[in-house]
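Only one structure is covered here, and it is reproduced in the block below.
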Amino acid sequence: MTTKNKINLSLFSLLIITFCLAVFLVLPIFKNIQKNSKELISGKEKLLLSQKRIENIENFKQIYYQIKPDLEKMGGAFVETEMPLSFISFLEKTAHDCGLDINISSLPPEGTKEDTGPSLSFQLNSASSFPNLFKFLEKLENSSYLIQIKNLSISRLTENKLQSEEFKGFSQADVEASFLIKVLSK
């Protein structure tokens, strides 16, 4: 063999060895690097998402503690459906504070299309001076309960009514009121 052939054979052998090394050693390493980098990017994205969730939870906790008193007040705005005693006591105390004689009757719930949630209905009948009645209605409106006055009927006490046992102690300047209220319940 001539030197030229030996050089060509050596170059050809070196080329084949280089090619084999590239195909069987370097290429798998690059593919493995590519696969690992995709996993790393995916892991970083998951980590960032987890950190964002943790941050959102912390923000929610801070906001929750800020609005917790308001949430508790909102919870108190609803009357217990099964035992509305606290609401009835509120009505009686408010009426007493305003100088009203009041009779409270619970009515069966009405299911109408405009209802936004569970509610209780009460029929209230009272007799007093008009300013006292107005003060009572104002206190109902400003109370912490979610109350809607559905129907209100006010009439002046007549001579015939004043002579009845029910209205003793009242004068013709006083009024008789009957109203239907609806209060949202839990």
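Derivation of every value follows stated rules applied to the coordinates shown; laboratory data play no part. Not measured: the values here are computed from a predicted model. Ideal geometry is used to build each Cβ from the backbone, glycine not excepted, and the neighbour counts take in all protein chains shown.
Side notes on the structure shown:
- Counting only lysines at least 8 places from residue 61 when in the same chain, those with an alpha carbon closer than 16 Å to its own are 52.
- Residue 99 long-range amide H proximity, modeled H, under 5 Å: none
- Translational diffusion coefficient (Stokes-Einstein; Kirkwood radius from C-alpha pairs) of the range 1-76 at 37 °C, 0.692 mPa s, in µm²/s: 178 µm²/s
- Exposure proxy ranking, count of Cβ atoms within 10 Å, fewest first, for 26, 175, 79: 26, 175, 79
- Relative contact order (percent, whole number), the range 85-184, Cα cutoff 8 Å, 6+ residue spacing: 33 percent
- By other beta-carbon atoms within 10 Å, ranking 174, 97 with the fewest at the front produces 97, 174.
- For mean projected area of the Cα convex hull in nm², the value calculated from this model appears in (1) 11.2; (2) 21.2; (3) 9.2 under label (2).
- Of 93/150; 150/186; 93/168; 68/135; 161/182, pairs whose Cα-Cα distance is over 26 Å: 68/135; 161/182
- Across the chain, the relative contact order, built from alpha-carbon pairs under 8 Å that are at least six residues apart, equals 22 percent.
- As a calculated quantity, the FRET efficiency between residue 70 and residue 152 at R0 = 41 Å, using C-beta atoms, amounts to about 0.85.
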